[in-house]
Amino acid sequence: MVKKLLTRYLKRRKLLGKNALQQRYLVIDLELTGLDAKQHEIVSVAWVVIDNQCIKMSESQHIINKDVISLEQSPVYHGINDDAVAKGQSLCSILTQLSSHFGDCILVFHNAMLDWGFLKIALKNANITTRPKLILDTLHIEKKRLLNQSSEIKQDDLTLNACRTRYELPSYHCHHALTDAQATAELLLAQCHQISRGKELKVGELT
């Protein structure tokens, strides 16, 4: 056990010292029925790959969870109805596909506490033990950047759309997992270039 933990620590430490702009990232977004991971459900999962600063939409996925019991407000917020759910895949199948990328990608979320919180429980329930090598959060990166500039952070300053606006990125229609995953991927690249300013950026500077 100690040997396994040490190996994991050394791998993480080595990764943190690598060039952030040359890494492969898996940017993930979830559509949910609510904010409580213990009582609400995952409606769909979307992911977008960034490889060496290139957003590869050809490798993107957006899969609806056919196991969802109650859609709650999803038809209103996400446009997902019972017909779409019927054409979806089991949550176990979705998680198996998602976790197959954990070995070669750094995971990225906007608000990792929320989405990764749901995924951790779902992965555990599906008996999937594959661990991501690192998780980055564009919300955390932006908060850290604003604090370093001594900027006052207001209540809505860290929403995905507000963060994108600061980098003059276009406004997208939110509440769609694939669109939000793409929006988060673009935000991450903008943050990387703003922080690095032409110099080499280490992965550790984004944590």
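The values are calculated or read from the model by the stated rules, or taken from the named source; none is laboratory data. Since this is a predicted model, take the numbers as computed values, not measurements. Backbone-built Cβ (ideal geometry, glycine too); neighbour counts: all protein chains shown.
Listed here are the residues, each with its yes/no results for (1) in contact with a Leu (Cβ under 9 Å, 6 or more places away or on another chain); (2) among the small types (Gly, Ala, Ser).
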position	(1), (2)
Leu95	yes, no
Ile106	yes, no
His110	yes, no
Met113	yes, no
Gly117	no, yes
Lys120	no, no
Leu123	yes, no
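So is Ala37 buried (at least 17 other Cβ atoms within 10 Å of the Cβ), touching a helix residue (DSSP H, G or I) at 6+ places or on another chain (Cβ under 9 Å), more than 30 Å from His193 (Cα to Cα) and in contact (Cβ under 8 Å) with a residue 40 or more places away in the chain or not? Spelling it out, Ala37 is indeed buried (at least 17 other Cβ atoms within 10 Å of the Cβ), touching a helix residue (DSSP H, G or I) at 6+ places or on another chain (Cβ under 9 Å), more than 30 Å from His193 (Cα to Cα) and in contact (Cβ under 8 Å) with a residue 40 or more places away in the chain. Within the stretch 128-155, residues that are under 23 Å from Ile106 (Cα atoms) and basic (Lys, Arg) sit with their Cβ atoms under 8 Å from residues that are modelled with pLDDT of 90 or more and in a helix (DSSP H, G or I), at 6+ positions apart or across chains, in these pairs: Lys133/Leu15; Arg145/Gln191; Arg145/Gln194; Arg145/Ile195.
Please verify whether the stretch 52-70 includes one or more residues that are buried (at least 21 other Cβ atoms within 10 Å of the Cβ) and under 10 Å from Ala185 (Cβ atoms). So far as the stretch 52-70 goes, no, none of its residues is buried (at least 21 other Cβ atoms within 10 Å of the Cβ) and under 10 Å from Ala185 (Cβ atoms).
For the stretch 171-189, the candidate set comprises residues that are part of a helix (DSSP H, G or I) and of a type in the set (S, T, N, Q); within that set, the residue that is surrounded by the most Cβ atoms within 10 Å (Cβ to Cβ) is Thr184.
How many residues, within the stretch 128-149, are surrounded by 14 or more Cβ atoms within 10 Å (Cβ to Cβ), assigned to a loop (DSSP other than H, G, I, E, B) and among the hydroxyl-bearing types (Ser, Thr, Tyr)? Residues flagged as surrounded by 14 or more Cβ atoms within 10 Å (Cβ to Cβ), assigned to a loop (DSSP other than H, G, I, E, B) and among the hydroxyl-bearing types (Ser, Thr, Tyr) within the stretch 128-149 amount to 0. Being acidic (Asp, Glu) and not in a loop (DSSP other than H, G, I, E, B) holds for only one residue in Glu152, Glu200, Glu168, Glu205, and it is Glu205.
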